[in-house]
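Okay, so here's the structure we're looking at.
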Amino acid sequence: MSQHAHIHSAPKRTKDADAALTFENLTLGYGDHAAVHHLDGTVPRGALMAVVGANGSGKSTLLKAVAGLLRPMSGRIARAPALRLAYLAQQAEIDRSFPARVFDLVSLGLWPKRGLLGRLRQADRADIATALSAVGLDGFSERAIDSLSGGQLQRALFARVLLQDADLILLDEPFNAIDAKTVRDLVALIQRWHGEERTVIAVMHDLALVRETFPQTLLLARRAVAWGETAHCLSAENLLKARNFAEAFDDTAPWCRSESA
Amino acid sequence: MYEFLIAPFVDYVFLQRALAGSIMLCLSSGPVGVFLMLRRMSLTGDALAHGILPGAAVAFLFFGLDLAPMTLGGLIAGLLLALLAGAVSRLTLQKEDASLAAFYLISLSAGVLIVSMHGSNIDLMHILFGTVLALNDQALMLIAGIFVLSTVGLALFWRGLVAECLDPLFFRSVSRLGTPIHFAFLFLVVLNLVGGFQALGTLLSVGLMMLPAASARFWVNRVGPMCALAVAFGMVSSVAGLLLSYHAALPTGPAIILFCGAIYALSILGAPRGILLTHLRRTRPHRAA
């Protein structure tokens with residue numbers, strides 16, 4: 001089957017057996033205003049996909065909705081059954097002044113396994129140590145999180161994603177304000193996940209890095225400007241199209257009619 | 001020394017009761033206060049403490065100064081306030097702190113009005129500032145019950161509370177327990193405030209909850225030890241406050257809270273994370289890596 005997800009194609013009503021995610025006429029937003037408009041398409045299992053677009057183009061909103069944190073205004077997101085999901089929000093969402101150790105933060109990744117009352121077992125501790133080691137944070141287990149640099153915190157958060165052992169991994173601007181060495185290490189981790197046939201979707205700003213690393217790209221400007229193979233998707237023409245959209249919500253904007261059309 | 005520190009507690013049953021009651025209160029509300037502070041909800045405790053008043057006042061109107069109905073009334077009013085404020089923040093654009101402030105101002109005025117309609121100023125003082133030196137068996141049992149319930153509840157929700165404070169979006173992505181835990185926690189807050197209300201009154205019960213917690217933050221950087229330290233600070237203040245009020249014939253509730261305040265002031269200045277050590281030392285020892 002084609003690796004491309006087509007835009008503006010009619011919503012698929014039959015579920016694709018190989019799809020990790022299917023968007024059907026998906027509209028997301030806050031209040032009356034749509035941040036993502038009538039999105040249709042399929043993310044195949046095992047895809048490594050970047051979501052690219054200007055600020056306010058709906059990238060983070062889309063990830064939040066996929067993670068189940070935001071209900072669609074209309075349309076729907078179909079997830080493959082029994083899909084285990086890991087969501088890594090932008091770093092600013094974390095309360096870094098909270099008195100926790102790296103261990104406490106990373107062990108949250110075992111929540112789906114252990115829940116509210118389950119105690120960590122010996123094997124869990126070993127898993128946490130392995131995950132910390134995989135992100136290059138050996139010996140950081142007892143460090144307070146407010147003593148970490150931005151890059152170290154991001155490494156710890158990737159260790160948490162590792163522990164979640166998810167089929168679908170959502171990363172929201174994982175490399176914002178992160179030094180080059182850390183980016184390299186974490187990209188290697190993303191590629192390892194890709195090799196393990198996990199589906200990875202990352203909101204990205206660095207187009208060079210996207211071209212280098214991500215086979216698939218979704219270019220958003222509230223609606224999908226282009227979606228498919230990265231080289232094709234990030235053509236000069238598409239990028240120009242994406243740039244020419246109004247960022248601010250417009251209170252006098254006409255009501256979108258395509259729903260009834 | 002013995003005369004001054006120990007003898008009062010040996011000689012007077014009412015002081016023993018006051019000590020037992022306030023120590024149980026410290027044990028139960030100290031950790032709750034730590035979580036309130038870490039969730040950046042310190043003022044929520046304050047608002048809820050005021051919200052208890054009209055419930056207690058209505059009960060006072062019908063039953064006089066009687067513990068059981070006033071406790072129940074306070075509990076109902078406090079929970080109603082927490083739910084209303086939560087609902088307003090979820091259903092409208094107003095944030096929870098603003099709606100809490102609005103509701104507690106209304107509650108406080110209504111409460112004071114109701115009490116003064118049918119009681120004297122002394123009754124009002126009792127309700128606002130408590131009567132820790134007149135704790136009867138009933139009151140002690142109530143405080144003990146609340147201590148048990150609160151401790152068990154907090155132990156059950158501990159990991160959920162930590163997860164939700166630390167990284168709320170992550171927690172929402174892996175669990176639907178966020179909202180239930182939030183309300184269960186608010187229930188524990190109201191429960192502790194109602195427990196403290198008999199001893200310290202509505203105005204000061206929040207002091208025993210928040211001041212030791214805020215002080216402990218300056219000393220340690222782990223949640224568990226912070227709770228233990230908050231409990232210890234509360235206990236020291238309770239003993240010192242009881243002794244001061246006994247020897248100097250001063251009102252007990254405010255004396256206890258002022259000792260909490262003194263510990264807070266000392267912590268701000270001298271604790272490892274206080275002003276002197278973090279800002280005034282010109283060069284700080286540091287590790288090579």
(request) Let me know the Rg and Dmax you get for the range A:53-206 when you use only its Cα atoms, in Å. (result) 15.6, 47
(request) In square nanometres and to one decimal, what's the mean projected area of the convex hull around the Cα atoms of the range B:65-113? (result) 3.5 nm²
(message) Using only the alpha carbons of chain A, what is the convex hull's orientation-averaged projected area in square nanometres?
(response) 15.3 nm²
(message) Compute, for the range B:2-280, the length of the dipole vector about the Cα centre, with Cβ point charges of +1 (Lys, Arg) and -1 (Asp, Glu) only. Units Debye, rounded to 20.
(response) 880 debye
(message) As an exercise, identify the trypsin sites (Lys or Arg not before Pro) in the range A:102-184 lying in DSSP coil whose Cβ has no more than 11 other Cβ atoms within 10 Å.
(response) A:Arg119
(message) Ignoring solvent entirely, what values of log10 I(q)/I(0) come out of the Debye formula for the range A:8-140 at 0.09, 0.12, 0.22 Å⁻¹ when each Cα is a single scatterer?
(response) -0.39, -0.66, -1.32
(request) Note down the relative contact order for the range B:2-280 as a percent, whole number, built from C-alpha pairs under 8 angstrom at least six residues apart. (result) 27 percent
(message) Based on DSSP loop calls and a cut-off of at most 16 other Cβ atoms within 10 Å, the longest stretch of chain B free of exposed trypsin sites (Lys or Arg not before Pro) is what?
(response) B:96-175
(message) Given the options A:Gly150, A:Ala35, A:Pro72, identify the residue whose Cα lies farthest towards the positive end of the charge dipole of chain A (+1 on Cβ of Lys, Arg; -1 on Cβ of Asp, Glu).
(response) A:Pro72
(request) List the GluC sites (Glu not before Pro) within the range A:125-225 that fall in a DSSP loop (any state other than H, G, I, E or B) and whose Cβ has at most 11 other Cβ atoms within 10 Å. (result) A:Glu142, A:Glu196, A:Glu197
(message) Using helices alone, I'd like the mean residue ellipticity at 222 nm for chain A: each DSSP H run of four-plus residues gives -39500 (n - 2.57), total over residue count, nearest 500.
(response) -9000 deg cm²/dmol
(request) State the antiparallel share, in %, of DSSP beta bridges confined to the protein assembly as shown, rounding to the nearest 5. (result) 55 percent
(message) I want to check the label-to-label distance for A:Ala92 and A:Leu209. Put each point 7 Å from Cα in the C-beta direction and report it in nm to one decimal.
(response) 1.7 nm
(message) How far apart, in nanometres, would the label points at B:Asp137 and B:Ala228 be if each is projected 7 angstrom from Cα along the Cα-to-Cβ direction?
(response) 3.6 nm
(request) State the antiparallel share, in %, of DSSP beta bridges confined to chain A, rounding to the nearest 5. (result) 55 percent
(request) Using a 10 Å cut-off on Cβ to Cβ distances, tally the other chain neighbours for every residue of A:139-146 and report the average as a whole number. (result) 1
(request) Counting residues in the protein assembly as shown as N, plug N into 2.2 N^0.38 Å and put the Cα Rg over that result. (result) 1.16
(message) Counting only other residues whose beta carbon sits under 15 Å from that of B:Phe185, what net charge do I get with K and R as +1, D and E as -1?
(response) +1
(message) Quick check on the range B:1-69: take the gyration tensor over C-alpha atoms, sort the square-rooted eigenvalues as a ≥ b ≥ c, and tell me if it's rounded (a/c under 1.5), prolate or oblate.
(response) oblate
(request) Nearest 5 is fine: what % of DSSP beta bridges in the range A:126-235 come out antiparallel, could you say? (result) 55 percent
(request) Work out, in µm²/s and without decimals, the Stokes-Einstein translational diffusion coefficient of the range B:1-141 at 25 °C, 0.890 mPa s, Rh from Kirkwood over C-alpha pairs. (result) 146 µm²/s
(message) Considering all alpha-carbon pairs of chain B, what whole percent are spaced by more than 36 angstrom?
(response) 18 percent
(request) With a/c under 1.5 counting as rounded, go ahead and sort the range B:95-230 into rounded, prolate or oblate using the C-alpha gyration tensor (a ≥ b ≥ c being the square roots of the eigenvalues; past the cut-off, prolate if a/b is larger than b/c, else oblate). (result) prolate
(message) 7 Å from Cα along Cα→Cβ at both B:Asp66 and B:Arg90: what's the point-to-point distance in nm?
(response) 3.5 nm
(message) For Cα pairs less than 8 Å apart in space and 6+ apart in sequence, what is the mean separation divided by the residue count of chain A, i.e. the relative contact order in percent?
(response) 26 percent
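Computed from the coordinates by the stated procedures, all read-outs in this text should not be read as laboratory data. Because the structure is a prediction, the values reported are computed rather than measured. All Cβ positions, even for glycine, are placed from backbone atoms using ideal geometry, and neighbour counts span all protein chains on display.
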